[in-house]
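**Q** Input: one structure, supplied below.
The values are calculated or read from the model by the stated rules, or taken from the named source; none is laboratory data. Quantities reported herein were computed from a predicted structural model and do not represent experimental measurements. Glycine also receives a Cβ, built like all others from the backbone with ideal geometry; neighbour counts cover every protein chain displayed. For the accessible areas, the whole protein counts, side chains as well, though only heavy atoms, and no ligand, DNA or RNA atoms are used. Shrake-Rupley method; radii C 1.70, N 1.55, O 1.52, S 1.80 Å.
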Amino acid sequence: MNNFRIGYGYDVHALGDGLRLVLGGVEIPHEKGCIAHSDGDVLIHALCDALLGAVAAGDIGMHFPDTSDEFRGIDSRILLRRVCGIVRGRGYEIGNADCTVAMQRPKLRPYIDAMRGEIAKAMSVDTDSISVKATTTERLGFEGEERGVSATAAVLVFKNK
Ligand code: MG
C-alpha cells in the first residue's frame with residue numbers, strides 16, 4: 001500500500017527595474033527582475049514550500065532564513081536540491097509536481113521546457129514528472145500591473161510500504 005502525501009506552496013516576489021529575472025532556474029531576458037535575498041526564483045520557492053509541506057517539515061523561510069549571509073544571492077536550485085534531501089531523508093520518494101507562475105509579461109512559453117528540465121535535474125526526477133504552467137492575470141492585481149510575480153506548486157510524495 002502506498003502512503004501518499006500532498007504538499008502545496010505559494011510565493012510572491014515584487015519586481016524591480018534592472019534586476020535579473022530567474023524562474024525555474026532559467027534566466028529570462030526582461031527589464032525587471034524579482035527583489036529578493038536569494039536569486040528571487042519565485043517558482044522554485046513555491047515548489048520548495050510544497051515539498052516541505054508534504055512532509056510537514058516547516059517552510060523555506062525556516063530552513064533558509066533571509067537574514068543569513070549564506071543564502072544571499074543563492075541559486076534557488078541549490079535550495080531545491082537540499083529540500084529534496086529533506087523529503088527523501090524522511091523516507092519519501094517524489095512523485096510529481098505541478099506549478100503555475102502568474103506574470104503579465106514577458107510571455108513565458110518559450111522558457112517552460114527549459115524550466116522543467118532545470119527543476120527535474122535539481123530534484124533528480126524525470127522531466128515528465130514536472131509540470132510548469134504560466135498564466136497572466138488579465139492585467140488584474142499586482143501580477144497584472146507588473147508590480148510582482150506569484151507562483152503556486154502542488155507535489156505528491158509517497159512511501160512504498
Ligand atoms: Mg521567495
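**Q** As an exercise, use a Förster radius of 25 Å and the Cβ-Cβ distance of Met62 and Arg105 to find the FRET efficiency, rounded to the nearest 0.05.
**A** 0.15
**Q** Rounded to a whole number, what % of the accessible area of the range 4-159 do carbon and sulfur atoms account for, probe 1.4 Å?
**A** Solvent-exposed carbon and sulfur of the range 4-159 make up 51 percent of the total.
**Q** Now for a different question. How long are the semi-axes of the equivalent ellipsoid of the range 4-159, defined as square roots of 5 times the Cα gyration tensor eigenvalues? Whole Å, largest first.
**A** Equivalent ellipsoid of the range 4-159: 24, 17, 13 Å, largest first.
**Q** Which lysines, on any chain, are close to Lys107 with Cα under 22 Å apart, when same-chain ones fewer than 8 places away are left out?
**A** Correct list for Lys107: Lys32, Lys133.
**Q** In whole Hz and in residue order, list the ³J(HN,Hα) couplings for the range 128-135 that follow from phi through the Karplus curve 6.51 cos²θ - 1.76 cosθ + 1.60, θ = phi - 60°; x for Gly and Pro.
**A** 4, 7, 10, 10, 10, 10, 10, 9
**Q** Aspartates and glutamates near Lys161 by alpha-carbon distance under 12 Å, same-chain residues fewer than 8 away left out - which ones?
**A** Within the straight-line limit of under 12 Å, Lys161 reaches these aspartates and glutamates: Glu93.
**Q** Only helical DSSP H runs with n ≥ 4 go in: add -39500 (n - 2.57) per run for the chain, normalise by residue count and round the 222 nm mean residue ellipticity to 500 deg cm²/dmol. Walk me through the intermediate numbers first.
**A** Numbers: 5 runs with 47 residues, N = 161.
That calculation yields -8500 deg cm²/dmol at 222 nm.
**Q** Using a simple charge model, +1 on the beta-carbon of Lys and Arg, -1 on the beta-carbon of Asp and Glu, nothing else, what dipole does the chain show about its Cα centre, in debye to the nearest 20? Don't skip to the end; give the middle numbers.
**A** Details: 19 positive and 22 negative charges, 109 e Å.
Result for the chain is approximately 520 debye, rounded to the nearest 20.
**Q** Another question, then. Relative contact order for the chain using alpha-carbon pairs under 8 Å, separation at least 6, rounded to a whole percent?
**A** Across the chain, relative contact order equals 34 percent.
**Q** Right, here's the next one. Can you sort Phe4, Phe142, Phe71, Phe158 by solvent-accessible area, 1.4 Å probe, largest first?
**A** From most exposed to least exposed: Phe4, Phe142, Phe158, Phe71.
**Q** Next question, about the same structure. Counting heavy atoms of the protein chains only and a 1.4 Å probe, report the per residue accessible area for the chain as a whole number of Å².
**A** Solvent-accessible surface per residue comes out at 49 Å².
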